[in-house]
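So the structure is just underneath, and the comments pick up after that.
The values are calculated or read from the model by the stated rules, or taken from the named source; none is laboratory data. These numbers were taken from a predicted model, which means no experiment stands behind them. Positions of Cβ are generated from backbone atoms using ideal geometry, with glycine treated the same way; all protein chains shown enter the neighbour counts. Please note that ligands, DNA and RNA were not included when accessible areas were found on the heavy atoms of the full protein model with its side chains. Shrake-Rupley method; radii C 1.70, N 1.55, O 1.52, S 1.80 Å.
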Amino acid sequence: MPEKTLDLIEPETSVKILKLTGQRSLRKRILDMGLTPGTKVEVMRRAPLGDPVEFKIKGYNLSLRKKEAQTVLVETVE
Amino acid sequence: MTKKITVALAGNPNVGKTSVFNAITGSRQHVGNWPGVTVERKMGKRTYKNIEMEIVDLPGTYSLTTYSLDEIIARDFLIEEKPDIVVQVIDATNLERNLYLSTQLMELGVKLVIALNMKDLALAKGNRIDEEKIQEFLDVPVIPTIASKGTGIESLLDAIIEEASKARTNDDPLSYDESTEGRVHELEMILKSDQYFAHYPSRWFSIKLLEGDENIIKKAQESEKYTPIREILRKTDADNFETKIADQRYSTIQAMLRQVCDINTCHLSGSDMVDRVVTNKLLGIPIFLALMWAAFELTFTFATPFMNMIDIFFGWLAGATAEVISTEWLASLVGDGIIAGIGSVLIFLPNILLLFFMLSLMEDSGYMARAAFIMDRVMGRIGLHGKSFIPLIMGFGCNVPAIMATRTIEDPRDRLITILVAPFISCGARLPVYVLLAGAFFGRDAGIVIFGLYALGILVAVLSAKLMRTTVLRGEDAPFIMELPDYRLPTLKGSFIHMWERAKIYLKKAGGIILIGVVGVWLLASIPAPGSGGIFGSEEIYGSTDSLVGALGHLIEPLVAPLGFDWRIAVALVFGIVAKEIVVGSMGVLYGAGEDEQNLSNILAAGAMTPLTGLGLMVFTLLYVPCFACIGVIKRETGSWKWTLFQLVYGTGLAWGFAFTLYQVGSRTGFLT
Ligand SMILES: Nc1nc2c(ncn2[C@@H]2O[C@H](COP(=O)(O)OP(=O)(O)OP(=O)(O)O)[C@@H](O)[C@H]2O)c(=O)[nH]1
Ligand SMILES: [Mg+2]
C-alpha cells in the first residue's frame, strides 16, 4: 500500500495515519487533536483558495494547512 | 452554617461551558458557536442547598499541554488554584476527543464531575449514549445536560455537592503499558521525596515529564532532585513516548465507547452538506463577500426609519424643555449640552443593534470559523493566521473584545501584530461619524463611501500587518490547527440576548463617559475665553471663537490646518479620544446645530465644510488614536507601554498622512471641493 503525506491526498478520500513526522510541539498538538497512528481520516475539501484543508476525524471536522498536513504520513484505505 | 466550595468548569472549546456557567449562576456571559469565545476566567456565585459555590468558567482546552494564552489560563487555574470540584463539560456529539481531556483530568487527580452536554443534538443525530456505562467505566458522576435550555442543571448541582462531600478518590482508571508504568513509578518515588513537588499530583507530573512538556521540565529543573530525574528521562525516548501515551489514552476511550454507544452513529454530522456549498471552491469566496455586503446593507437600510423616530423624539424633547426653563444658560446646558449630546449618540443605537445582530448570527451559526477557514490563505499571505481573522471581524462591533479575542492565537508575535492592527478595523463607535458626514456630503452615494471606509480600514490593517511582519516582528509561520464546529440554527432568543447585552453597554456609555464628554464640551463652549469679555452661557459666546473651547481650538488648529480641518474639528477630534461617538456630539455643539441631527448635517452641507474635508475627517477618524477603552486594553493585552505607544503614534501618523495627501491633492485638482 502506498505511503503518502496527508497534504497530497485528494478530497473525498479516506486514509489511515501511519506516523507523525513534524517537530515536537506540532506533533504533540496534532496528537492531542486525536490524530494518533491508526486513526482513520477522511479528506473533506480544500478551502476555496486551495489551502487549508478540511478533514473529518473521530467524528469532528478539523482544518490544517498543507504545511502541517505534510508532516502526517498516511496510507490509503479502500 | 454554609459551606464554601470552588467549582471550575473545564472542557474542550465550544462544548457549552459558558452556557452551563450562565445556567448555574444566572449571568449572561458571551456564548457563541466557535472555539475560543471565552478567553479569560469568569467568576460567578450560586448558593444551592446551603452550600455557597464559587463557579469559575474557564477557556476551552483540548488537552493539558498548553499552546495559547487562553489555554494557559485554564491549565494554571486547575493546577495552581486547585478547585474543590472540576466539572468537565463534554459535547455528547463528540465523545471521543472530549474524553481525551477527561483522562488527563483524572490523571491530575481532581475531583471530577462530567456534564454530558448537548444531549439534544446527540439525540437528534440518533446517537444514544449510555451514561451509566460511562459512569461505571470512569468512576465519576456523569450528568446529562442541555445547557442552552437549562435542562439537567439541578442534577448537576446535586452531583457536585455529593462529590464535594466525599473523601478524595485518587484512582486513575487509565493504566499504561508495563515499561511506561515502571518509569512513572520511578519518577513518582523521586518526586514524593522532595517537598518542592508536594504541590503537584505526582503521577500527572511524572507523565508530563516523560512526555517532555517544556513547562513541567522547567519546573523540575528548579528542584534539587533534578539530576536523578534527568537520568530517568535520558533513558526514555520522549518522541515515541508521547505518541504511545496519546495512543493508549485513545485506545482506552475507544474500548469504552464500543460499549457505551454504537461507534458508527457516534460519527454523524449534518454540517457537511452546508459546507459543501459555503466553502465550495467556486462559491466560497463570493458567498463570503455577499454575506459581508448583506450584513452591511441591512445594518443601514433597516436602521433608517428607527433613526428618524429617535431624531424626532429628541427634537421634541429639546423643544419642550427649552420652553420650561427660563434661565438662558440652564436652558442651553440642558438643551444644547445634555439632550443634544445624548441624542446625537442614541440616534445610532439602531445601527449598532443591527450590526451586533448580524455579528451574533455569524457567531451562533458556526460561520465564523468557516470565515477563518476561507480567509486563512489570504491571511497567510500577509504573514498572519486564519485565527487572526475572527478577532478582526469582531472588531467591526467593537475593538475591545476583538483585542481580547486574540488570546486564542498561539504565536505571541502573531498575536501582537493582530492586536496592533485591530484598531484599524472600523468599529461601531466610528459609524456615527461616517453616517453624519457621508450623509451630509455624499447623499445617495453615502453607502458606497461608508463601505469604502470599512474597506480602507481592512486594507490598512492588512498592509500594516505585512509591514510589521517583514520588519519589526519577523518570524516563522505558526501552525494552523482549527476545529470547524457543526452548524447550528441560531435562535432568535440567543441573538436578541447578544444584541441586548451590547446595547446595554452602548447605553451605559451614552449615559456615562459620553454624557460627561459632551457636557465638558458644552462647558468649554460656554465659558468665555480670558480677555474676550463675554458672559458665561450667553448665546454670543457659545461655541464661538471667543469661548474657551475656541481658544483651545485655535491653539491646536495649526496641527491640522494642512489637512483642511478648522479649529472646531480639531477640538472634536481631541474629545473623540475619550470615545469616538463624542466627535459627532461635539461637532453639534461647535457648529451650533442644537439638538437636531439633521440640522448639523444641513449646516455642514451648506458650506461649513467641503466634501473633501468631510472625507478627510472620516479617514482621520478611522485611523487615528483609538478610544480610551481601546488604549487600555491594548496596554493590558500587550503588557507593554512601548507597543501601546507604537500603535498610537503609528495610527495617528497614518491618519495624518492620508488626510494630508487627500486634502493637498484634492484641493489642487479641484476634486470634491
Ligand atoms: N443545542 C444545544 N446547544 C448548546 C448547548 N449548550 C451550549 N450550546 C450552544 O453551543 C455553543 C457553544 O456554547 P458556549 O457556552 O459558548 O461554549 P464554551 O464551551 O463556553 O466555548 P468556548 O468559550 O469557546 O470554549 C453556543 O452556540 C451555545 O448556544 C446544548 O446543550 N444544546
Ligand atoms: Mg465559553
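The mean number of Cβ atoms from other chains found within 10 Å of a Cβ in peptide B:59-65 is 2, as a whole number. Each peptide in B:182-193, A:61-72 receives the mean, over its residues, of other Cβ atoms within 10 Å, and ordering these scores from highest gives A:61-72, B:182-193.
According to the Kirkwood expression over distinct Cα-Cα pairs, how big is the hydrodynamic radius of region A:3-76, in Å?
On the way: mean 1/r = 0.0844 Å⁻¹.
Averaging 1/r across every pair of different Cα atoms and inverting gives 11.9 Å.
Stretching B:SER27 away from B:GLU539 to a fully extended chain increases their span by 179.4 nm, per 0.36 nm per residue minus the current alpha-carbon distance. Scaled against the 2.2 N^0.38 Å expected of a compact globular protein of N residues, the Cα radius of gyration of region B:3-165 reads 0.93. For region B:72-178, trypsin sites (Lys or Arg not before Pro) meeting the loop criterion (DSSP other than H, G, I, E, B) and having at most 10 other Cβ atoms within 10 Å: B:LYS166, B:ARG168. For a Förster distance of 45 Å, can you work out the FRET efficiency between the beta-carbons of A:LYS16 and B:THR301, rounded to the nearest 0.05? Computed FRET efficiency for A:LYS16 and B:THR301: 0.30. Treating the angle as unsigned and between 0 and 90°, give the value, to the nearest 10°, between the Cα long axis of helix B:69-80 and the longest Cα principal axis of chain B. Between the helix axis and the principal axis of chain B, the angle is about 50 degrees.
In straight-distance terms, cross-link reach from B:LYS149 covers every one of the aspartates and glutamates whose alpha-carbon lies under 13 Å from its own, apart from those fewer than eight places away in the same chain; here that gives B:ASP120.
Residues in the protein assembly as shown average 41 Å² of solvent-accessible surface per residue, probe 1.4 Å, ligands and nucleic acids excluded. Can you give me the Cα centroid spacing of region A:24-78 and region B:350-429 in angstrom? Between the Cα centres of region A:24-78 and region B:350-429 lies a distance of 25 Å.
Give the residue list of trypsin sites (Lys or Arg not before Pro) in region B:454-535 that are DSSP loop and have at most 12 other beta-carbon atoms within 10 angstrom.
On the way: sites: B:LYS466, B:ARG469, B:ARG474, B:ARG488, B:LYS493, B:ARG502, B:LYS504, B:LYS508, B:LYS509; in loops: B:ARG474, B:ARG488.
Passing sites in region B:454-535 are B:ARG474.
For region B:68-100, applying the loop criterion from DSSP together with a ceiling of 16 other beta carbons within 10 Å to the GluC sites (Glu not before Pro) yields B:GLU81.
In debye, nearest 20, what is the charge dipole magnitude of region B:259-406 about its Cα centre with +1 on Lys and Arg Cβ and -1 on Asp and Glu Cβ, if you could check?
Values: 6 positive and 11 negative charges, 151 e Å.
Dipole size: approximately 720 debye.
Can you pull the mean other chain C-beta count within 10 Å for peptide A:33-39? Walk me through the intermediate numbers first.
Numbers: counts 8, 9, 3, 10, 5, 4, 4.
Average neighbour count from other chains, rounded to a whole number: 6.
Against the main long axis of the alpha-carbon atoms of chain B, helix B:178-192 sits at an angle near 70°. A dipole drawn for chain B from +1 and -1 charges on Cβ atoms has a positive end, and of B:PRO558, B:ALA8, B:GLY614 the residue lying farthest that way is B:PRO558.
The mean sequence separation of alpha-carbon pairs under 8 Å and at least six residues apart, normalised by the residue count of region B:99-206, gives a relative contact order of 31 percent. For the chain pair A and B, the interface hides roughly 3800 square angstrom of accessible area in total, found with a 1.4 Å probe.
Each semi-axis of the equivalent ellipsoid for region B:378-514 is √(5λ) with λ an eigenvalue of the Cα gyration tensor; in descending order they amount to 28, 22, 15 Å. Using a 1.4 Å probe on the protein chains only, how many percent of the accessible area of the protein assembly as shown belongs to carbon and sulfur? Reported share for carbon and sulfur atoms: 60 percent.
If you place +1 on the Cβ of every Lys and Arg, -1 on the Cβ of every Asp and Glu, and leave all else neutral, what size is the dipole of region B:3-165 about its Cα centre, to the nearest 20 Debye? Before the final figure, lay out the partial values.
Values: 18 positive and 23 negative charges, 100 e Å.
About 480 debye.
Could you grab the relative contact order for chain A? Cα pairs under 8 Å, six or more apart, rounded to a whole percent. Write out the running numbers ahead of the final one.
Working: 151 pairs, mean separation 35.6, N = 78.
Relative contact order for chain A comes out at 46 percent.
Once the partner protein chains are put back, region B:279-294 shows a loss of at least 30 square angstrom of accessible area, versus the chain by itself, at B:THR279, B:LYS281, B:ILE285 (probe 1.4 Å, ligands and nucleic acids excluded).
Overall, region B:178-262 carries a charge dipole of about 140 debye about its Cα centre when +1 sits on the Cβ of Lys and Arg and -1 on the Cβ of Asp and Glu, all other atoms neutral.
A viscosity of 1.567 mPa s and a temperature of 4 °C, combined with the Kirkwood radius over C-alpha pairs in the Stokes-Einstein formula, give chain B a diffusion coefficient of 46 µm²/s. Can you give the angle from 0 to 90° between the axis of helix B:628-638 and the longest principal axis of chain B, with both taken from C-alpha atoms, to the nearest 10? The helix B:628-638 is inclined about 30 degrees to chain B.
Per-residue mean of foreign Cβ neighbours for B:475-484 is 6 (Cβ atoms of other chains, 10 Å radius). Hey, how much of the P(r) for the protein assembly as shown falls beyond 44 Å, as a percent of Cα pairs? Cα-Cα pairs of the protein assembly as shown separated by over 44 Å account for 34 percent.
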